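In what follows, a single structure is set out as C-alpha cells and then discussed.
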Amino acid sequence: MTTTSLTLDGLETAYDALATAIDQAGPERSELFLVKLALLQAQALGDARQFQQQLATALQDL
C-alpha cells in the first residue's frame, strides 16, 4: 500500500474547502455534515483500525 500525504499548501487548501463547506451547511446542519464527511472518508480510507487511530488523534488537545 502506498502512503501519500498532503503538503502544507494542500492542507491549507483542504482547510479552506472544509471551512467553506461547514459555512454552506449552516450551524443547524454542520454537525450532520461533519459526520457524513467522516463516514465518507472512512469508506475511502478502507481501514477501520486506521480510522479509529485518526479519531483518537483528532480528540487530543481539544
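For the structure I just gave you, tell me whether Gly10 is on the phi > 0 side of the Ramachandran plot and not basic (Lys, Arg). Break it down stepwise before answering.
Details: on the phi > 0 side of the Ramachandran plot: no; not basic (Lys, Arg): yes.
No, not satisfied.
Are there any pairs with C-beta distances below 7 angstrom linking a residue in the range 6-25 that is in a helix (DSSP H, G or I) and of a type in the set (Gly, Ala, Ser) to a residue that is surrounded by 11 or more Cβ atoms within 10 Å (Cβ to Cβ) and at pLDDT 95 or above, with the two at least 6 apart or on different chains, and if so which?
Ala21/Phe33; Ala25/Phe33
Which of the numbered conditions does Ala44 fail, given that it passes all the others? Conditions: (1) over 13 Å from the mean Cα position of the chain (by Cα); (2) modelled with pLDDT of 95 or more; (3) of a type outside the set (Val, Ile, Thr).
(1) is the only condition that Ala44 fails.
Could you list all residues from the range 1-41 that are among the polar types (S, T, N, Q) and at pLDDT 95 or above?
Kept after step one, since they are among the polar types (S, T, N, Q), are these residues of the range 1-41: 2-5, 7, 13, 20, 24, 30, 41.
Hits for the range 1-41 are Thr7, Thr13, Thr20, Gln24, Ser30, Gln41.
The values are calculated or read from the model by the stated rules, or taken from the named source; none is laboratory data. None of the values given here were measured: they were computed from a predicted structure. Here Cβ is always computed from backbone atoms with ideal geometry, including for glycine, and neighbour counts include all displayed protein chains.
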